[in-house]
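Here's the structure, in structure tokens; my notes come after.
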Amino acid sequence: MDGQKRASGCAAGADNHFSHDVPFWQLFPRFLMPEWLQGITNYLPLTPVIDAARLIITENRGVLDLLPQFGIILGWCVVVYILAFRFFRWE
């Protein structure tokens, strides 16, 4: 596939895309977004991190209250690890 690159410079570009563009969606409260966009943001990897931080700061929740958010974050880590193991190779 021509779109797949296997160099470290390309990996850095992909990293920049996700570390700079994805948080842009998190600048706005989700309840102000249209319903269809709220559904999309529910599946972004940064959403449970921000929800957990909000629960800790504003609602004084403990670690046990954040288990669903930790589970989602762990799920994202597993998916990204599998994809990276499958598609990225140092050459």
(Q) Regarding segment 4-15, can at least one residue be identified that is among the aliphatic types (A, V, I, L, M), modelled with pLDDT under 90, surrounded by 11 or more Cβ atoms within 10 Å (Cβ to Cβ) and outside any helix (DSSP H, G or I)? (A) yes
Q: For Phe88, work out the one condition from (1) closer than 19 Å to Arg30 by Cβ; (2) surrounded by 14 or more Cβ atoms within 10 Å (Cβ to Cβ) it doesn't fulfil.
A: (1)
Q. List the pairs whose first member sits in segment 35-56 and is surrounded by 12 or more Cβ atoms within 10 Å (Cβ to Cβ), whose second member is of a type in the set (A, V, I, L, M, F, W, C) and in a loop (DSSP other than H, G, I, E, B), and whose Cβ atoms are under 7 Å apart, counting only residues at least 6 apart or on separate chains?
A. Thr41/Met33
Q: Please verify whether segment 53-75 includes one or more residues that are under 12 Å from the mean Cα position of the chain (by Cα), of a type in the set (Gly, Ala, Ser) and farther than 20 Å from Pro29 by Cα.
A: yes
Q. Is it the case that some residue within segment 64-80 is among the aromatic types (Phe, Trp, Tyr), at pLDDT 90 or above and surrounded by 10 or more Cβ atoms within 10 Å (Cβ to Cβ)?
A. yes
(Q) Which condition from (1) surrounded by 13 or more Cβ atoms within 10 Å (Cβ to Cβ); (2) of a type in the set (Phe, Trp, Tyr); (3) at pLDDT below 80 is the one that Phe24 breaks? (A) (1)
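The values are calculated or read from the model by the stated rules, or taken from the named source; none is laboratory data. Quick caveat, the model's predicted, so the values are computed rather than measured. Backbone-built Cβ (ideal geometry, glycine too); neighbour counts: all protein chains shown.
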